[in-house]
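First up is the structure itself, then whatever we jot down about it.
The values are calculated or read from the model by the stated rules, or taken from the named source; none is laboratory data. Note that this is a predicted model, so its numbers are computed, not measured. Glycine gets a Cβ as well: all are built from the backbone with ideal geometry, and neighbour counts include every protein chain shown. The area values use the complete protein model at the heavy-atom level, side chains included, leaving out ligands, DNA and RNA. Shrake-Rupley method; radii C 1.70, N 1.55, O 1.52, S 1.80 Å.
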Amino acid sequence: MKAIQADITTLKVDAIVNAANSSLLGGGGVDGAIHRAAGPDLVHECRLLGGCKTGKAKLTKGYNLPAKYVIHTVGPVWREGLNNEDMLLESCYRECLRIAAKHPDIQSIAFPGISTGIFAFPADRAAKIAVETCKDSDLDITFCCFSKAHLDLYQALLGE
Ligand code: AR6
């Protein structure tokens, strides 16, 4: 596991994870950036998926992205931690890893900070859940941080 500061749409890994919403039809933040970089074929494939529940994940191709695949997951909206947010965020990471691990073409995967933008999940708490949930995976995992502040959180947790 490693942490870097980058735009996830530029990463040449087997799969990048999208912090989507339950419609899977695009939005702001990293979701908007991924759809813009992948091109319109991505939303066409997403329309066939019938949405996605919070804590679950679904796979598509990466189209014009350098990444071969996108794993779309829907993180919880932070509501003072009173609505199972920790468990749902953990489930996002677990479901993405499960999909990746059973796919023969996916050895490397990059995660953004799911729920830590528009959905307002506290970044330090989210980083702990991410690292804890991913630590036993055999995949090559990158935590892709958009800000230096988030990178610092991951590097402290990973001992980098
Ligand atoms: N590369 C890497 N990380 C990014 C990028 C990027 N290009 N852009 C933003 N981030 P957010 P959420 C970081 O808001 O909180 C959308 O409208 C960002 O700094 O993208 O799960 C969806 O459709 C933050 O740390 O996702 C949903 O409606 C992290 O990615 C909703 O937002 C996640 O921020 C999901 O909210």
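Partner aspartates and glutamates whose Cα lies under 18 Å from the Cα of Lys12, excluding those fewer than 8 positions away in the same chain, are identified as Asp31, Asp105, Asp140. Less than 5 angstrom separates the built amide H of Ala3 from those of Phe143, all sequence-distant by 5 or more or on a different chain. Taken one residue at a time, the phi angles of region 104-116 give Karplus couplings (6.51, -1.76, 1.60, θ = phi - 60°) of x, 8, 10, 10, 10, 9, 10, 10, x, x, 3, 6, 8 Hz. Gly and Pro are set to x. Helical content of the chain, expressed as a calculated mean residue ellipticity at 222 nm, amounts to -11000 deg cm²/dmol (DSSP H runs of 4 or more residues, -39,500 (n - 2.57) each, divided by residue number, nearest 500). Heavy-atom surface analysis with a 1.4 Å probe gives the chain a carbon and sulfur content of 53 percent of its accessible area. In order along region 149-160, the Karplus-derived 3J(HN,Hα) couplings, from 6.51 cos²θ - 1.76 cosθ + 1.60 at θ = phi - 60°, round to 4, 5, 4, 4, 4, 5, 5, 5, 5, 8, x, 8 Hz, and Gly and Pro are given as x. Computed over protein heavy atoms with a 1.4 angstrom probe, the accessible surface ordering of Arg125, Arg36, largest first, is Arg36, Arg125.
Around the amide H of Gly27, modelled in the peptide plane, lie the amide H atoms of Gly32, all under 5 Å away and 5 or more residues distant in sequence or on another chain.
Using a ≥ b ≥ c from the Cα gyration tensor of region 2-158 (square roots of the eigenvalues), is it rounded, prolate or oblate, where a/c under 1.5 gives rounded and otherwise the larger of a/b and b/c decides, a/b for prolate? Rounded. With the simple spin-label model, which puts each label point 7 Å out from Cα in the Cβ direction, the Asp124 to His103 separation comes to 3.4 nm. Accessible surface ranking for Ser137, Ser115, 1.4 angstrom probe, highest first: Ser137, Ser115. The H on the amide N of Ala110, modeled in the peptide plane, is under 5 Å from the matching H of Ala15, Ile16, Val17, Thr142, each at least 5 residues off or on a different chain.
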